[in-house]
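The values are calculated or read from the model by the stated rules, or taken from the named source; none is laboratory data. Because the structure is predicted, anything quoted here is derived from the model rather than measured. FYI the Cβ positions are ideal-geometry reconstructions off the backbone, even for glycines, and counts take in every protein chain you see. Heavy atoms of the whole protein, side chains included, go into the accessibility calculation; ligands, DNA and RNA do not. Shrake-Rupley method; radii C 1.70, N 1.55, O 1.52, S 1.80 Å.
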Amino acid sequence: MADSEDDPGAPARLPLYQQVKNDLVRRIAAGVWGAEGRLPSEHELTAAFGVSRMTVHRALRELSAEGIVSRIQGVGTFACAVRPRQEFLHVHDIAEDITARGHRHRLRLITLESVRASAAQAMGFDLRAGAKIFHSVVLHFEDDVPVQLEDRLVSPKFAPDYLDADFTSETTARYLLRIGPATEVEHTAFAATPDADIRALLELGPTDDPACLILWRRTWSHGVPATQSQFVHPGTRYSLGSRSTV
């Protein structure tokens, strides 16, 4: 992984410290180091993730502030007891949402290829760096207005025939859900201004609000890492919400 906060190889284009942080949260939740076990040292994590020590230090500092780890000076970093967390988003097919509103959905397949995984990507898929993974980029339209740019990495172990699929007849989400359910999902949502290329694809002109809603998602199916995806939505054209019974 390049030691940069804007690593072009990162599927979700999250800052490196956030990628490290998200991966540590997943591993702590999975009990990799035990309920209150000791995490690897900053030096060991730096080598494992292929990032700077400053990046690892920031990830651990934020995890400590959120009560996910505890840090004891001169002793080490320890996982805290996992607290229950309510998920507010679910895996769904945007085409179904659009048609349910009575509008027309169409998509444009921009990229469908095989790539070599960076160190961070490989770690997320439990693969070695340089292993083959699949990459797709899809632009979704609602009544001919672009509402979502989907940038997705897919594990060949989960979907070995992904590159042969016909994404003119169904969405990537629908295809993947047919292969296997997402039994574990991790979401991160934030606001950001994307680069000029993404703004052009979303048809954001100079007078449009440049802020976009970005959803970063990782999924597992029965314990197998399946996908890592980024969804970029123009802030004035899309919103996220949920309703649940407690």
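Tabulated results
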read-out: Derived scalar couplings ³J(HN,Hα) [the stretch 43-53; Karplus, 6.51 cos²θ - 1.76 cosθ + 1.60; whole Hz; x for Gly, Pro]; value: 4, 5, 5, 4, 5, 5, 8, x, 10, 6, 5
read-out: Accessible area per residue in Å² at 1.4 Å probe, computed on the stretch 48-184; value: 52
read-out: Low-density loop cleavage sites - GluC sites (Glu not before Pro) in the stretch 10-57, where at most 16 other Cβ are within 10 Å (DSSP); value: Glu36
read-out: Extension gain (nm, one decimal) between Thr183 and Leu112, 0.36 nm per residue minus Cα-Cα; value: 23.1 nm
read-out: Expected 222 nm ellipticity per residue - DSSP helices of 4 or more, -39500 (n - 2.57), all of the chain, to 500; value: -7000 deg cm²/dmol
read-out: Cleavage-rule hits, trypsin sites (Lys or Arg not before Pro), the stretch 153-215, DSSP coil, Cβ neighbours within 10 Å at most 16; value: Lys157
read-out: Sites Glu96 and Ala211, calculated FRET efficiency, Cβ-Cβ separation with R0 22 Å, nearest 0.05; value: 0.25
read-out: Nearest-20 debye value, the chain charge dipole, Cβ charges on Lys, Arg, Asp, Glu; value: 760
read-out: Residue-by-residue Karplus 3J(HN,Hα) for the stretch 99-113, coefficients 6.51, -1.76, 1.60, Hz, glycine and proline x; value: 5, 5, 7, x, 10, 9, 9, 8, 9, 10, 7, 9, 9, 8, 7
